[in-house]
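Accompanying notes for the structure given below.
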Amino acid sequence: MTYDLLIKNGRIIDGSGRPAFNGDVGVARGRIVELGRLDGPARRVIEADGRAVAPGFVDNHCHYDAQVLWDPLCTFSSHHGATSVIIGNCSLSLAPVKAPAHDKLAGMLSYVEAIPMDVLQAGVGWGWETFPEYMGTIAQRLAVNVGTFVGHSAVRLYAMGEDCSERAATDPELDVMRQVIRDALEAGALGLSITRNMNHFDIVGKRIPAGIRS
């Protein structure tokens, strides 16, 4: 077999749980096709020289929801070996959102994750309203795999407006939330994220709606 890529003499950690072993990795047509001591021809050869060769790592709790728009590598994670990141955690996401609520939604992310508001205002173009539109926007220039949750706080703000943390949702508002979440899941969102922390506030001091409220 002719490999597209042959990684030689690596310390292979295959993700199965068994101990690392020394060997080679053969890749063809974008897939690993053989492991072991390989001698076939290859279009490209990398000498690993005993370095670890492993599947990509998943950084499963990130808040790159804004950063991914200007940093498609999600640099802090990818520079540490992660090839997949999961965003939209802690009930925080940048969609769905109506135009008048841009600053309020960004303010939640700013306060909870200590991201300067001026950075968010400069880097987030708000070219979306729905969650599928947000997913389509970030997908245009990704350099890592990104999975995203739809944030409960964003959904609640979208359905209820400014008093989203001040009262219980009405039945029609709950119907809107259900539809928004359904649309997000059908577009490929991983699920709904919530928070049980009742002491999160936005930049103007209003409590962020938490997932344990109705």
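Every number in this text was worked out from the coordinates using simple rules, so none of it is lab data. Note that the coordinates shown come from a computational prediction; the quantities given were computed from them, not determined experimentally. Note that we place each Cβ from the backbone using ideal geometry, even for glycine, and neighbour counts take in every protein chain shown.
What to note about this one:
- The distance between label points at ASN9 and ARG29 comes to 3.1 nm (points 7 Å beyond Cα on the Cα→Cβ vector).
- 3J(HN,Hα) from dihedral phi, the stretch 24-37, Karplus parametrisation 6.51/-1.76/1.60, rounded to Hz, x for glycine, proline: 10, 10, x, 10, 9, 6, x, 10, 6, 10, 8, 10, x, 9
- Highest average packing first - 12-21, 112-121, 58-67, Cβ atoms within 10 Å: 58-67, 112-121, 12-21
- Interchain or long-range residues, amide H under 5 Å from VAL53's placed H: ARG11, ILE12, ILE13
- Length gained on full extension, VAL119 to MET1, computed as 0.36 nm times the residue gap minus the Cα-Cα distance: 37.4 nm.
- Pairs of Cα atoms farther than 25 Å apart, the stretch 66-176, %: 20
- Across the stretch 5-55 the C-alpha pair distances fall into 5 Å bins from zero in the proportions 5, 23, 35, 24, 11, 2, 0 percent.
- The chain: most fluctuating residue of VAL180, VAL124, VAL25 per GNM, C-alpha cutoff 10 Å: VAL25
- Label point distance in nm, GLN179-PHE57, each placed 7 Å from Cα along Cα→Cβ: 4.3
- Here the spin labels are modelled as points 7 Å beyond Cα on the Cα-Cβ line, and at ALA143 and TRP70 they lie 1.5 nm apart.
- Cα-Cα pairs of the chain separated by more than 24 Å (percent): 51
- Taking amide H positions as modeled 1.01 Å from N, with prolines and chain starts lacking one, the residues under 5 Å from GLY191 and 5 or more places away or on another chain are VAL150.
- 3J(HN,Hα) along the stretch 140-151: 5, 8, 6, 10, 9, 7, 10, x, 9, 8, 8, x Hz, from the Karplus curve 6.51 cos²θ - 1.76 cosθ + 1.60 with θ = phi - 60°, whole Hz, x for Gly and Pro.
- On Cα atoms only, tilt of 102-113 relative to the major axis of the chain in degrees: 60
- Cβ crowding within 10 Å averaged over residues, with 146-152, 48-54 ranked highest first: 146-152, 48-54
- Euclidean distance between Cα centres, the stretch 8-58 to the stretch 80-119, Å: 37
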